[in-house]
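Note sheet for the following structure.
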Amino acid sequence: MNRTLTLLATGALLASGGAYAQDQTVHFTEANGTRVTLTSGQPAPDHYGPPPAFATLDANHNGRITREEANAYPPLLNDFDYIAHHANSISKAQYEHWVKSQN
């Protein structure tokens, strides 16, 4: 029970500082003497380079990018449902609009 309360209190403390983009570390000792270090923050961003040309991702050249084709560029796959409006593929116009929003 004490451990749960301690973790909840620590989480609240870290959440209150959520506006900061810096990693935060909190040290505490549990009732049984175990020393605990809790570190929170965002991982370093991955750099995938600029978005590839539509034709590069449209592997079957049907004029659409499917989720499987989007796997070739992780940032696109991450945004796939938003771009496709929950459809099964992305048009060239949708892709170009997304590319412009990345700048």
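The values are calculated or read from the model by the stated rules, or taken from the named source; none is laboratory data. Since we're looking at a predicted model, the values are computed, not measured. Methodologically, a virtual Cβ is constructed for each residue, glycine included, from the backbone with ideal geometry; neighbour enumeration extends over all protein chains shown.
Checking Thr4, Thr10 one by one, the residue that is outside any strand (DSSP E or B), of a type in the set (Val, Ile, Thr), surrounded by 10 or more Cβ atoms within 10 Å (Cβ to Cβ) and modelled with pLDDT under 95 is Thr10 and no other.
Among the residues of the stretch 49-69, count how many are assigned to a helix (DSSP H, G or I) and within 16 Å of Val99 (Cβ to Cβ).
If we filter the stretch 49-69 for residues that are assigned to a helix (DSSP H, G or I), which is where we start, we get 54-57, 67-69.
Subsequent filtering for residues that are within 16 Å of Val99 (Cβ to Cβ) retains 54-57, 69.
Residues flagged as assigned to a helix (DSSP H, G or I) and within 16 Å of Val99 (Cβ to Cβ) within the stretch 49-69 amount to 5.
The residue that is surrounded by the most Cβ atoms within 10 Å (Cβ to Cβ), among those in the stretch 70-103 that are in a helix (DSSP H, G or I) and among the aliphatic types (A, V, I, L, M), is Leu76. Starting from residues that are over 11 Å from the mean Cα position of the chain (by Cα) and of a type in the set (Gly, Ala, Ser), keep the ones in the stretch 41-55 and report whichever is surrounded by the most Cβ atoms within 10 Å (Cβ to Cβ). This residue is Gly41. I'd like to verify a number: residues in the stretch 25-47 that are modelled with pLDDT of 85 or more, outside any loop (DSSP other than H, G, I, E, B) and of a type in the set (Gly, Ala, Ser), how many? Of the residues in the stretch 25-47, 0 are modelled with pLDDT of 85 or more, outside any loop (DSSP other than H, G, I, E, B) and of a type in the set (Gly, Ala, Ser).
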